[in-house]
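Colleague: Can you keep this structure in mind? I'll have questions shortly.
Each value in this text was obtained by applying a stated rule to the coordinates, not by laboratory testing. All values reported here derive from a predicted model rather than from experimental measurement. When we count neighbours, we look across all protein chains shown, and the Cβ atoms used for this are built from the backbone with ideal geometry, even at glycine.
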Amino acid sequence: MIKINKKIAILSIALFLIIFSVGAAIYLFYWTNNKIQPENKSETSQNMVRFKIYIPESQSIQTREIYMQKENSQLRSLEGLLDSFFREFSSSLRETKILGVYRDRENIIYVDLSKNFLIQGDISGEYQLLKAFYRTLKENFSWISDIKILIEGKEIESISGHFSVVPTLRTSMEDN
């Protein structure tokens with residue numbers, strides 16, 4: 001009886017060591033060679049895209065980098081970027097709603113915004129805001145040929161009365 005129990009004990013220990021060794025080998029091979037990665041880390045980094053946001057501050061424009069979830073649609077990415085752009089402000093601009101973003105065949109973007117985008121300010125403030133808005137979109141989406149701003153579905157001439165955005169924003173920004 002004792003001989004049988006010793007054999008069973010030795011076989012049990014040997015089986016345990018074999019299973020442990022195989023498990024350790026699999027773990028080391030797959031995890032250390034990055035063939036299996038934790039879902040959160042790989043999924044998150046693969047689905048993130050870097051964007052630059054330009055924000056008017058004092059008499060200059062500051063650059064901020066943000067990371068956003070990758071979208072299937074370029075227009076959805078553009079809307080998400082605009083949401084982030086407006087969240088950077090502490091004034092009523094922060095409350096600006098994006099009512100729609102449209103793209104025509106010539107890659108002109110029509111951005112329909114709420115009235116919060118209309119500001120009361122001086123010529124410098126209006127210029128800095130328009131320049132930051134233009135650069136944020138144009139430099140992150142190189143396919144954009146031009147940008148047209150709409151307020152609640154209607155064309156506007158200016159957001160504060162100093163700089164014309166007619167016919168398009170590129171005309172105003174690249175001439176100045």
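Colleague: Give the Cα extents of the chain along the principal axes, in whole Å, largest first.
Modeller: 102, 36, 26
Colleague: Mind listing the phi-derived Karplus ³J(HN,Hα) values for region 142-153, rounded to whole Hz, using 6.51, -1.76 and 1.60 with θ = phi - 60°, and x for any glycine or proline?
Modeller: 5, 6, 5, 8, 6, 10, 10, 9, 10, 10, 6, x
Colleague: Rounded to whole Hz and in sequence order, give me ³J(HN,Hα) for region 100-106 from the Karplus expression 6.51 cos²θ - 1.76 cosθ + 1.60, θ = phi - 60°, writing x for Gly and Pro.
Modeller: x, 10, 10, 10, 9, 5, 9
Colleague: Assuming a strict under-30 Å limit between Cα atoms, what lysine pair count do you get for the chain once near-sequence pairs (fewer than 8 apart, same chain) are dropped?
Modeller: Lysine pairs satisfying the spacing and distance rule in the chain number 28.
Colleague: Another question, then. Note down the relative contact order for region 121-166 as a percent, whole number, built from C-alpha pairs under 8 angstrom at least six residues apart.
Modeller: With pairs under 8 Å counted, the relative contact order is 43 percent.
Colleague: What is the set of long-range amide H partners of LEU113 at a cut-off below 5 Å, with H atoms built 1.01 Å from backbone N?
Modeller: The list, which skips near neighbours in sequence, is LEU99, LEU150, ILE151, GLU152, GLY153.
Colleague: Now a separate question. Which distance in nm do the two modelled labels at LEU75 and ARG94 give, with both placed 7 Å along the Cα-to-Cβ direction?
Modeller: 3.0
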